Amino acid sequence: MTGTDLGMPAFPPFPEAAREAVGNAVLRANLRHATHTIRDKRARAVAELDDWDRLRAAGKAVKDHTLRNLDRYLLELEAAVTAAGGTVHWAVDAEEANRIVTGLVLATGEREVVKVKSMATQEIGLNEALEAAGIAAYETDLAELIVQLGHDRPSHILVPAIHRNRGEIRDLFRTEMGRWGRPAPEDLGDDPRELAEAARLHLREKFLRAKVAVSGANFMVAETGTMVVLESEGNGRMCLTLPETLISVVGIEKVVPTFRDLEIFLQTLPRSSTAERMNPYTTMWTGPGPSKGADGDGPTAFHLVLLDNGRTDTLADPTGRQALRCIRCSACLNVCPVYERAGGHAYGSVYPGPIGAVLSPQLRGTAAPIDATLPYASTLCGACYEVCPVAIDIPEILVHLRERVVQGGPVTREGVRVRIRPAHGHTAERAAMRAARLLLDRPGALRAGERLLSRARRLRPRRLPGPGRAWTDTRALPDVPAESFRDWWARERKSPQK
């Protein structure tokens, strides 16, 4: 394995990137409006189901069972896809996945592909790899199209262009569409209907011409070899049925054992993501379609690229592996106070928000500054866990990863158990934790320290010196009480101290 790639250039630590983002008033306004709107609609949609908690528990159980038996279900999936006429390829990392897809496209003789929205292909940087091979990749999801036209990066799982407003989108369409295909009308306004119509006309030309499509998948059914894509615009349906060759790049964690298991996720995913009772377009296919002809439907060749790229390393961590349950609904982003203010770009990954803060450092490791700081991109308020439709305990994983960053220790990297060193910049934190452990192990010393602190409370500084200054730059030191809880309890209850 040559290393895990999440499709992003080198990034500064999260605090630096977030500090710049929160200074952008337009970005904050766009994020606040969009996230509040989505989460309010989601809350109403979820409240309609009396059995939501049971669905949530069922989704968690299915995912956990699958992850515990992932090797068996992946082999079952491979056999089913092959029996249906498809071809399965295994990619250990981003480099291998890009090489496989590029080779498959070049073998068709085509130099253009249309793409369904896919976070897996963004993760591996597929568009850039195709471009290097002389192949143009056209995004067909409206938000992804906006990102591509703006030479930008996605900032949200569900709404990749959430950081853009209607005026910005209108200007992008006017100036950039003509360079990629059919230009936008010269008098294009910022009305959503006008923008959608301009995108429809621009993309229709691509759909009717393309011979090759690239997709991801929301789910893969092991028992039948069926791929499942959920989307809201119909662009996915066009990509998955019109081209002659379909290449799907899918993370290995997306498999579910049986077709019946979809019943759970087809209820929880739409409500948690778009706040809809049912997804507008749910496309399923099993292998290629029949030969093109009067009654032909679907591609004549289907290739499935199963992507690892750090997932088996994540699977080896009993605490961290629950992040692989994620069904990419984005509910955690919409309730996160950190994401709402910092936006997605600050996370330095195609997976922003709370799920990105726990997934990216596991897929990539914590050696880079951005990955060592992502576990701290949270208030630990727990809102992300409360809304997660598969009950991923993100706060638990964040604390677990913080310990890894500060203390180092054994982890699995590229399939090998290794011991990593603590990240730089945490010497004072480790010393403070050791001192706290020594103090808490000695009740007498703790009691004496509490009394000394209460008597010296009038001397409390406004800011801490040295490394503690970073903490008090953004927080006020709490007032020191006149007495400890231990002393208060003894006085109020007249009980002897122990």
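The values are calculated or read from the model by the stated rules, or taken from the named source; none is laboratory data. Just so we're clear, the structure is a prediction, and the values are computed from it rather than from any experiment. All Cβ positions, glycine included, derive from the backbone under ideal geometry; neighbour counts span all protein chains shown. Just so you know, the surface numbers come from the protein's heavy atoms only, side chains and all, with ligands and any DNA or RNA stripped out. Shrake-Rupley method; radii C 1.70, N 1.55, O 1.52, S 1.80 Å.
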Tell me which residues, restricted to the stretch 107-126, are modelled with pLDDT of 95 or more and open to solvent by 40 Å² or more (accessible area, probe 1.4 Å). Ala107, Thr108, Gly109, Glu110, Arg111, Glu112
Single residue of the stretch 302-326 satisfying the filter (open to solvent by less than 10 Å² (accessible area, probe 1.4 Å) and part of a loop (DSSP other than H, G, I, E, B)) that is farthest from Asn98 (Cα to Cα): Gly310
All but one of (1) open to solvent by less than 60 Å² (accessible area, probe 1.4 Å); (2) modelled with pLDDT under 85; (3) in a helix (DSSP H, G or I) hold for Pro395, so report the exception by its number. (2)
Looking at this structure, is Pro389 out of contact with any strand residue (DSSP E or B) (no Cβ under 6 Å at 6 or more places or on another chain), assigned to a helix (DSSP H, G or I) and either buried (at least 18 other Cβ atoms within 10 Å of the Cβ) or touching a residue at least 24 places away in the same chain (Cβ under 8 Å) (or both)? no
Quick check on the stretch 423-477: of everything there that is part of a loop (DSSP other than H, G, I, E, B) and modelled with pLDDT of 85 or more, which residue is most open to solvent (accessible area, probe 1.4 Å)? Arg442
Can you find even one residue in the stretch 308-317 that is of a type in the set (S, T, N, Q), touching a residue at least 60 places away in the same chain (Cβ under 8 Å) and over 28 Å from Gly236 (Cα atoms)? yes
With in contact with a strand residue (DSSP E or B) (Cβ under 9 Å, 6 or more places away or on another chain), more than 19 Å from Pro467 (Cβ to Cβ) and not in a strand (DSSP E or B) as the only criterion, which of Arg404, Arg417 stands out? Arg404
With respect to Thr87, determine if the residue is closer than 30 Å to Pro257 by Cα and open to solvent by 10 Å² or more (accessible area, probe 1.4 Å). yes
Looking at the stretch 213-237, I want the residues that are closer than 17 Å to Glu76 by Cα and β-branched (Val, Ile, Thr) and have a partner that is open to solvent by 30 Å² or more (accessible area, probe 1.4 Å) and outside any strand (DSSP E or B) with Cβ atoms under 7 Å, at least 6 apart or on another chain. Which pairs are those? Val221/Thr258; Val221/Phe259; Thr224/Phe259; Thr226/Phe259; Val228/Asn218
Considering only residues that are touching a Gly at 6+ places or on another chain (Cβ under 6 Å) and crowded, with 21+ Cβ neighbours inside 10 Å, which ones fall in the stretch 195-205? His202
Quick one: would you say Asn165 is more than 19 Å from the chain's Cα centre (by Cα), open to solvent by 30 Å² or more (accessible area, probe 1.4 Å), polar (S, T, N, Q) and on the phi < 0 side of the Ramachandran plot? yes
Counting only residues that are in a helix (DSSP H, G or I), closer than 24 Å to Ser349 by Cα and touching a strand residue (DSSP E or B) at 6+ places or on another chain (Cβ under 6 Å), how many does the stretch 73-131 have? 7
Conditions (1) within 24 Å of the chain's Cα centre (by Cα); (2) touching a residue at least 40 places away in the same chain (Cβ under 8 Å); (3) open to solvent by 50 Å² or more (accessible area, probe 1.4 Å): number failed by Glu48: (1)
Only one of these is of a type in the set (Val, Ile, Thr), in contact with a helix residue (DSSP H, G or I) (Cβ under 6 Å, 6 or more places away or on another chain), in a loop (DSSP other than H, G, I, E, B) and open to solvent by less than 10 Å² (accessible area, probe 1.4 Å): Val358, Val350. Name it. Val350
Cβ contacts < 7 Å: first residue in contact (Cβ under 8 Å) with a residue 40 or more places away in the chain and within 19 Å of Ala132 (Cβ to Cβ), restricted to the stretch 106-122; second residue open to solvent by 50 Å² or more (accessible area, probe 1.4 Å) and assigned to a loop (DSSP other than H, G, I, E, B), any location; separation 6+ or different chain. Result? Thr108/Lys211; Glu110/Lys211
Being more than 28 Å from the chain's Cα centre (by Cα) and closer than 23 Å to Thr35 by Cβ is true for just one of Asp141, Asp190, Asp171. Which residue is that? Asp190
Number of the condition not met by Ala367 [criteria: (1) open to solvent by less than 30 Å² (accessible area, probe 1.4 Å); (2) part of a loop (DSSP other than H, G, I, E, B)]: (1)
Can you go through Leu130, Leu104 and tell me which one is over 30 Å from Leu195 (Cβ atoms), surrounded by 18 or more Cβ atoms within 10 Å (Cβ to Cβ) and out of contact with any Asp or Glu (no Cβ under 6 Å at 6 or more places or on another chain)? Leu104
I'd like the full set of residues that are open to solvent by less than 10 Å² (accessible area, probe 1.4 Å) and either of a type in the set (D, E, K, R) or under 16 Å from Arg39 (Cβ atoms) (or both), limited to the stretch 330-342. Ser330, Ala331, Leu333, Asn334, Tyr339
If you go through the stretch 182-191 one residue at a time, do you hit one that is open to solvent by 40 Å² or more (accessible area, probe 1.4 Å), under 25 Å from Val350 (Cβ atoms) and out of contact with any strand residue (DSSP E or B) (no Cβ under 8 Å at 6 or more places or on another chain)? no
Take the residues in the stretch 240-284 that are among the hydroxyl-bearing types (Ser, Thr, Tyr) and closer than 27 Å to Asp313 by Cα; name whichever of them is surrounded by the fewest Cβ atoms within 10 Å (Cβ to Cβ). Thr258
Could you check how many residues of the stretch 63-75 are among the aliphatic types (A, V, I, L, M) and open to solvent by 20 Å² or more (accessible area, probe 1.4 Å)? 1
Can you tell me which of Ala94, Ala84, Ala80 is modelled with pLDDT of 95 or more, under 19 Å from the mean Cα position of the chain (by Cα) and either closer than 21 Å to Leu307 by Cβ or among the charged types (D, E, K, R) (or both)? Ala94
